[in-house]
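Engineer: Quick one: this structure, given as structure tokens, is what I'll be asking you about.
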Amino acid sequence: MKTALIDFHCHLDLFLDPASAFSDAEAAGIYTLSVTTTPKAWPGNRDLTQGKRHVRAALGLHPQLVAGRATELKLWEEFLPQTRYVGEVGIDAGPRHYRSLDLQQQVFAHVLQKCAAAGGKILTVHSVRSAKIVLDQIETHFSRGEGQVVLHWFSGSKSELRRAVDLNCYFSINAAMMSHERGRSLVEAVPSDRLLTETDAPFTSFNNRPTAPPDVRNTVKALAALRRVGFEEMARAIESNLRTVLRGADLPVQD
Ligand code: MN
């Protein structure tokens, strides 16, 4: 039995040819979670996952777009019952998006409250320069046992990482995070039972081309090297973590 590889955060709808991107991920047998950035994009993405065994879409409202798209929050709420996957959501306190920080916090609080009330949702969360705010909000609005938060491309401090672990968060790791010493040291501190992998495709690159879900193999390779285990052992641990996150339902991780 071959171990499944997992890309738990990418943007297939932002590829040049989204329909092919969805089909290619399916054909490659990569368990792929394709996030969306606006609620209006949801129906099209949902439809592209029809009949696919390996690819799912998540319903998002990207923090970098909140300034112009907060009015779509109602639509986000309407679509929420259609999926257990939510993202990309979160907070971006980087200089380009700082002005909308208050609005971002209102939107993210609302998203967390709605997901907590619905139960069983799996969230892929952006936290650029905002780990503390994001964790405060998760603690306040998304109590344990009502769903699962996966922190995507986490870049907080080690103490924030420990806090996230205490809050029961998982971490989806990409190769770019391990391209510098600070990132490697942070990734090393993630407990093995909280690791998932991602590409954030097409926003990362490999050999001077945009990534795609099969490139997640490089992330598993880098993680295995960092943790001094074999590729297969690393891949199996990540697959087992995905099973835990999914609680055995949906996206069946079998042969
Ligand atoms: Mn992303």
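Computed from the coordinates by the stated procedures, all read-outs in this text should not be read as laboratory data. The model shown is predicted, which means the values in this text are computed figures rather than measured ones. Cβ coordinates were reconstructed from backbone atoms using ideal geometry, including for glycine residues, and neighbour counts include every protein chain displayed.
Engineer: Looking at the chain as a GNM with Cα springs under 10 Å, which of Pro81, Pro95, Pro213 has the largest mean-square fluctuation?
Structural biologist: Pro95
Engineer: Here is a further query. When DSSP beta bridges are limited to those with both residues in the chain, what percentage is antiparallel, rounded to the nearest 5? Provide the component values of the computation, followed by the final result.
Structural biologist: Details: 2 of 26 bridges.
Close to 10 percent.
Engineer: Still on this structure, please answer the following. Which peptide among 67-79, 229-241, 103-115 comes first, and what is the full order, when sorted by highest mean count of other Cβ atoms within 10 Å? Working shown, then result.
Structural biologist: Working: 67-79: 15.2, 229-241: 17.1, 103-115: 20.0.
Top to bottom by mean Cβ count within 10 Å: 103-115, 229-241, 67-79.
Engineer: Stokes-Einstein diffusion coefficient for the range 163-204 at 20 °C in a medium of 1.002 mPa s, Rh from the Kirkwood formula over Cα pairs: what value in µm²/s? Kindly include the intermediate steps, with their values, before the conclusion.
Structural biologist: Details: Rh = 10.9 Å.
Once the numbers are plugged in, D ends up at 196 µm²/s.
Engineer: Across the range 116-132, in residue order, what do the Karplus-derived ³J(HN,Hα) couplings come to in whole Hz, using 6.51 cos²θ - 1.76 cosθ + 1.60 with θ = phi - 60° and x for Gly and Pro?
Structural biologist: Per residue, the Karplus-derived 3J(HN,Hα) values read 5, 5, 6, x, x, 7, 10, 10, 10, 10, 8, 9, 4, 6, 8, 4, 5 Hz.
Engineer: Let me ask another. With springs only between Cα atoms under 10 Å apart, run a GNM on the chain and tell me which of Thr124, Thr83, Thr244 wobbles the most.
Structural biologist: Answer for the Gaussian network model of the chain: Thr244.
Engineer: Same structure, new question: Listing Arg194, Arg162 from the residue with the fewest other Cβ atoms within 10 Å to the one with the most, what is the order? Walk me through the numbers before you get to the answer.
Structural biologist: On the way: Arg194 18, Arg162 13.
Fewest to most other Cβ atoms nearby, the residues stand as Arg162, Arg194.
Engineer: Mind listing the long-range amide H neighbours of Ile122? Cut-off is under 5 Å, sequence gap 5 or more, other chains count too, H placed in the peptide plane at 1.01 Å from N.
Structural biologist: Tyr85, Val86, Gln148
Engineer: Would you mind checking Lys158/Lys221; Lys40/Lys132; Lys52/Lys114; Lys2/Lys114; Lys52/Lys158 for any pair whose Cα atoms are more than 31 angstrom apart?
Structural biologist: Details: Lys158/Lys221 23 Å; Lys40/Lys132 29 Å; Lys52/Lys114 27 Å; Lys2/Lys114 37 Å; Lys52/Lys158 38 Å.
Long pairs (Cα-Cα over 31 Å): Lys2/Lys114; Lys52/Lys158.
Engineer: For n ≥ 4 DSSP H runs only, could you compute -39500 (n - 2.57) per run for the chain, divide by its residues and tell me the 222 nm figure to the nearest 500? The partial results should precede the final answer.
Structural biologist: Values: 10 runs with 103 residues, N = 255.
That calculation yields -12000 deg cm²/dmol at 222 nm.
Engineer: Continuing with this model, one more query. Once all Cα-Cα distances of the chain are split into 5 Å bins that start at 0, what whole-number percent is in each one?
Structural biologist: All Cα pairs, binned at 5 Å, distribute as 1, 6, 15, 19, 21, 18, 12, 6, 1, 0, 0 percent.
Engineer: For the range 19-62, what value does the Rg/Rh ratio take when both radii are computed over Cα atoms and Rh is the Kirkwood radius, given to two decimals?
Structural biologist: 0.96
Engineer: For the range 23-36, in order, what is each residue's ³J(HN,Hα) by Karplus, 6.51 cos²θ - 1.76 cosθ + 1.60 with θ = phi - 60°, in whole Hz (x at glycine and Pro)?
Structural biologist: Each residue's phi maps through the Karplus curve to give 5, 5, 4, 5, 5, 6, x, 8, 6, 10, 10, 9, 8, 10 Hz.
Engineer: Listed highest first by mean packing, meaning other Cβ atoms within 10 Å per residue, what order do 199-206, 46-53, 3-10 come in? Could the numbers behind the result be given before it?
Structural biologist: Working: 199-206: 19.6, 46-53: 14.0, 3-10: 26.0.
Per-residue Cβ counts within 10 Å, averaged per peptide and sorted highest first, yield 3-10, 199-206, 46-53.
Engineer: Also, I was wondering about something else. Just add up the charged neighbours of Phe171: K/R +1, D/E -1, any other residue whose Cβ is under 10 Å from the Cβ of Phe171. Mind dumping the intermediate values first?
Structural biologist: Working: positive: Arg194; negative: Glu198.
My count for the surroundings of Phe171 gives 0.
Engineer: Using a 10 Å cut-off around each Cβ, can you sort Lys2, Lys40 from fewest to most neighbouring Cβ atoms?
Structural biologist: Least to most surrounded, the residues fall as Lys2, Lys40.
Engineer: A follow-up question, please. Excluding Asp200 itself, calculate the net charge of residues whose Cβ lies under 11 Å from the Cβ of Asp200, where each Lys or Arg counts +1 and each Asp or Glu counts -1.
Structural biologist: Numbers: positive: none; negative: Asp7, Glu88, Glu198, Asp215.
Charge balance in the 11 Å sphere: -4.
Engineer: Of all DSSP beta bridges located in the range 95-243, what percent are antiparallel, nearest 5?
Structural biologist: On the way: 2 of 13 bridges.
So the antiparallel bridges in the range 95-243 amount to around 15 percent.
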